[in-house]
Amino acid sequence: MRSDLVVLSVAFGYLALLFLIAAWGDRRAEQGRSLIGSPNVYALSIAVYCTAWTFYGSVGRAAQFGPGFLLIYLGPTLAMLLAPFVIRKMVRIASAQRITSIADFISARYGKSSSLGVLVALIALIGITPYIALQLKAITVSHAVLVNYPQAANLRLADEPFWLDKSFWVALVLAVFIILFGTRHLDASERHEGMVAAIAFESLVKLVAFLSVGVFTVFVLFQGPGDLFAQVAATPELAERLGLDAVPGGATGWAGMLVLAFLAFLTLPRQFQVLVVENVDERHLARASWLFPLYLMAINLFVIPIAMAGLLLMGDADPDSFVLTLPLSADLQGLPLLVFIGGLSAATSMVIVETIALSTMVSNQLIMPLLLRTRRLHRSASGELAGWLLGIRRVAIVLILLLGYLYHALVGDAYSLVTIGLVSFAAACQFAPAMLAGMYWRGAHRRGATLGLIAGTLVWAWTLLIPGFAQSGWLDATFLEQGPFGLAWLRPYALFGLEGWDIYTHSLLWSLTANLGLLVGVSLFSRQSPLEQTQAALFAEAMHPHLLQTSLWHGQTTRGELRALLDRYLGTGATARVFADATSGQEEDAAAPASPTQIARAEQALSGALGNASARVLINSVVRGEALDLESILSILDTTSETLEINRRLEQKSSELAQASEELRAANERLRELDRLKDEFVAMVSHELRTPLTSIRAFAEILRDSGELPEEKRLHFLDVVVKESQRLSRLIEEILDLARLESGRLTLNPQRLDLVALARHSVDAVHHIQEDRGVALEVAIELEAAPVIGDPDRLEQVIINLLDNAGKFADPAAPRVQLSLVRHKTHYRLAVEDNGPGIDAQERERVFEKFHQIQRPEESPDKRRGRPRGSGLGLPISRGIVAHLGGRLWVEEAPHLGGACLVMELPEAPPAAPEA
């Protein structure tokens, strides 16, 4: 069943299925029933990140370094968590600027620089070619393993004719596929719907295949994960590989690999293609931000079990092939074919998207700038150049695939799958400083970005790419150990003497340091052109909802010249669509001047086909006079800088005013309250003072005017005068105490005392008065001592006041008052309760207000209008005294007698110092 003919038939049959899916997707798009309008398809297309490296190489890396392979997937997970802030902005910029590739993105940001676009395209071509080679190598090796097992799949491609290598023919089939479904439209910013549908399908295939071999390994070859890991634990050398310290480079290796994967996910050309260019709705990012990490978790679920099973059962066999050799070792037929198709899916999806992205960069950034210099091109017939451009892009596809195959044939044998992938990752990371700084820092300058890219790429080549050639035997490997010309500080894996690091972290550190350092340093001392300033503002403020989308073109040209330009490069159909809205079905006057909006739309259309830099060159060739509208530029800059700054300040001022208004309102309320309290206080004091004074005056006048009063009545009147005088004195004393409390002039004499003794003394002091009232006074104190810090006279005043109040408000029929003292944690609580009607919850705080008297509806009007039961100052003064002693006084439900209960709490005194 595993004959070469069967395997090849299945493989090429699968590729034919991809053709059908892509054709179906394109047909649906033409019918207006797009397949890629679903966020699920978008998330699956992002899974092109999982290439043959994931399918085969993750197991190989896990077999060598344990869980360290997970960092390759934690980086993208982190990037997707930041998608609302980073990727969404990339999508919005690309949509507004008709971006076609990451080279176009960076070129457009830095003033639509042609040279920068060329540089990015070249770096991508050099850096990503090994990655394409990796996929072809995976196809070749997996085919050889599948066909030759149990014999070893010893391959030496450089010694064999290329036509015997199956990956060569797969590459040619993929070239046909990409040409058919990746170059249907000249406008590279348009979505490749059929291709994206096929990529999403391949993501499902590789997931199902990997999960299948994982389930087979864990539950068929072993009796579940418990059995597998028990056998691993019994093998010390395998158990050690599962430790976190197995990662190369230790902690720096972890951090470096995480940063590497995070940046590469954003900057790899294929990821930029599916994340940004192929995105049809930025709202899809919300679903993808959790669905894609979930996909990564699922496809990596069985990586470690497969790696450990392979090491247990296959010994020293190539760990990159464990995914295939494990089911083959069980003499299965169908599962190995499914695994092979899964690996083929992983490889072909990456090759398809990567090749489209690279071919767009090659045609738009490398070839077009050269062609635009030839005069013949400008004299071509209508639509002729559109055909040329598509032809260039198709030739570029074939050449890129052949270049990848050549690298695979000549160098690929020297590196494992993971090693090749990480070399490309590190190359793509060189785009990150220019791209991310350009999105958030308006001061980033074209010259700084260019020099940074050059420096970073040179360091990457020296520390990773060239050592790869040396290990393949193409260069003398002695410089790896001794450095060039014996200069040890230039050793590729120990640059500037930095040794012991993981080689990828080491390369990333030095390359990004050089890249970012030059970008920032040169930008700080460079002046931007007006166009670069404008582009910087448009990129940095892309998320601002009021960003002006004003046309920047102000030069003069006719509609006829503009139409002719588009006609030559885009063809008649695309030109008609650009001018459709402007003419509205009317005959167009070719000699009429083109409006700035028409010029801008023409540039956008050219950008989608040729890239931003080439489009700008072409528009400049027909627009005369001042090409850029300085007024519009200033408008955009105003919008994105000064206006935003003003808005920010206005918002800040508005917030401050709102806060000040709220504070004023609160202060006004407080003043009103204080005014009300003042009026009440004056009225209460006047009332309280007038009542005894009136009585004293009345009885004094009776005594003065009635000389023959009976002795008994005279003594009674004098007794009333004395009591009212005492009441008046007591009231004045309370008012003075209250004034001292509120002004902070109340003098206390705190000392250590026994609250038990003080409470009993206070009870004795009021005992006779309570007896005269008929009040049954009960004392419940079980403590022998309660040491507190307080002023004994003031505390006694408080306790007597509480007892007196309780007696006044107890049930008149059978009045009862109870005093209790207990310990509560580090405090002592003295409670006085009565059996009266109690105090409503809403009144429990108000009773501590000055002169506040509780009005009870059940009391008769005459009684309410009569003499109050107290001055209304006792409780406020008591609370003030207790608070000055560090305690609290409050009202709560009486737990025993059912009326009101006032509780005084004081902290326990610290232990007394021993006497000397």
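The values are calculated or read from the model by the stated rules, or taken from the named source; none is laboratory data. These numbers were taken from a predicted model, which means no experiment stands behind them. Cβ: placed from backbone, ideal geometry, glycine included. Neighbour counts: every protein chain shown. For the accessible areas, the whole protein counts, side chains as well, though only heavy atoms, and no ligand, DNA or RNA atoms are used. Shrake-Rupley method; radii C 1.70, N 1.55, O 1.52, S 1.80 Å.
Of note:
Quick grid of which residues meet (1) more than 23 Å from MET350 (Cα to Cα); (2) open to solvent by less than 10 Å² (accessible area, probe 1.4 Å):
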| position | (1), (2) |
| --- | --- |
| VAL10 | no, no |
| GLY13 | no, no |
| ALA22 | no, yes |
| PHE65 | yes, no |
| PRO84 | yes, no |
| ILE93 | yes, yes |
| ASP104 | no, yes |
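- Only residues that are open to solvent by less than 10 Å² (accessible area, probe 1.4 Å) and touching a strand residue (DSSP E or B) at 6+ places or on another chain (Cβ under 7 Å) were counted across segment 776-798, and they come to 4.
- In this entry, VAL756 is excluded by the filter for residues that are of a type outside the set (Gly, Ala, Ser) and touching a Ser or Thr at 6+ places or on another chain (Cβ under 9 Å).
- Among the candidates GLY443, GLY473, GLY456, residue that is in a loop (DSSP other than H, G, I, E, B) and at negative phi: GLY443
- Scanning segment 502-523 for residues that are of a type outside the set (Ser, Thr, Tyr), part of a helix (DSSP H, G or I) and more than 25 Å from GLY443 (Cβ to Cβ) yields a total of 2.
- Single unsatisfied condition, PHE85 versus (1) under 14 Å from PHE431 (Cβ atoms); (2) without any contact (Cβ under 8 Å) to a residue 24 or more places away in the chain: (1)
- Qualifying residue in segment 847-863 (condition: among the hydrophobic types (A, V, I, L, M, F, W, C) and at pLDDT 90 or above): no
- Filter pass, VAL213 being touching an Asp or Glu at 6+ places or on another chain (Cβ under 7 Å), over 30 Å from SER511 (Cβ atoms) and of a type in the set (Val, Ile, Thr): no
- Checking PHE105 against (1) aromatic (Phe, Trp, Tyr); (2) in contact with a helix residue (DSSP H, G or I) (Cβ under 6 Å, 6 or more places away or on another chain); (3) modelled with pLDDT of 90 or more, the condition it does not meet: (2)
- Residue check for ARG442: modelled with pLDDT under 90 and either touching a Cys at 6+ places or on another chain (Cβ under 7 Å) or over 25 Å from ALA261 (Cα atoms) (or both): yes
- Which numbered condition LEU508 misses (of (1) farther than 20 Å from LEU436 by Cα; (2) crowded, with 21+ Cβ neighbours inside 10 Å): (1)
- Look at (1) at pLDDT 75 or above; (2) open to solvent by less than 50 Å² (accessible area, probe 1.4 Å); (3) under 30 Å from GLY443 (Cα atoms) and you find that LEU552 fails only one, number (1).
- Any hit, segment 454-469, residues being at pLDDT below 90, under 20 Å from TYR407 (Cβ atoms), open to solvent by 20 Å² or more (accessible area, probe 1.4 Å) and not β-branched (Val, Ile, Thr): yes
- With respect to (1) part of a helix (DSSP H, G or I); (2) out of contact with any Ser or Thr (no Cβ under 9 Å at 6 or more places or on another chain); (3) modelled with pLDDT under 90, the lone exception for PRO433 is condition (3).
- Elements of the type helices (runs of 4 or more DSSP H) sitting completely within segment 1-74 and holding at least 1 residues that are touching a Gly at 6+ places or on another chain (Cβ under 8 Å): these cover 4-30, 58-65.
- The number of residues in segment 28-51 that are touching a residue at least 40 places away in the same chain (Cβ under 8 Å) and over 34 Å from the mean Cα position of the chain (by Cα) comes to 2.
- Failed condition for THR217, given (1) in a helix (DSSP H, G or I); (2) free of Cβ contacts under 8 Å to residues at least 60 places away in the same chain: (2)
- Residue within segment 767-774 that is open to solvent by 50 Å² or more (accessible area, probe 1.4 Å), acidic (Asp, Glu) and not in a loop (DSSP other than H, G, I, E, B) present: yes
- Counting only residues that are surrounded by fewer than 24 Cβ atoms within 10 Å (Cβ to Cβ) and closer than 20 Å to LEU458 by Cβ, segment 106-127 holds 7 of them.
- Checking ALA133, ALA144, ALA138 one by one, the residue that is over 30 Å from VAL617 (Cα atoms) and surrounded by fewer than 24 Cβ atoms within 10 Å (Cβ to Cβ) is ALA144 and no other.
- For LEU495, the requirement of being open to solvent by less than 50 Å² (accessible area, probe 1.4 Å) and more than 33 Å from the chain's Cα centre (by Cα) is met.
- Any hit, segment 245-256, residues being touching a Ser or Thr at 6+ places or on another chain (Cβ under 8 Å), at pLDDT 85 or above and either open to solvent by less than 10 Å² (accessible area, probe 1.4 Å) or in a helix (DSSP H, G or I) (or both): yes
- Residue count for segment 669-720, restricted to those that are part of a loop (DSSP other than H, G, I, E, B) and open to solvent by 100 Å² or more (accessible area, probe 1.4 Å): 1
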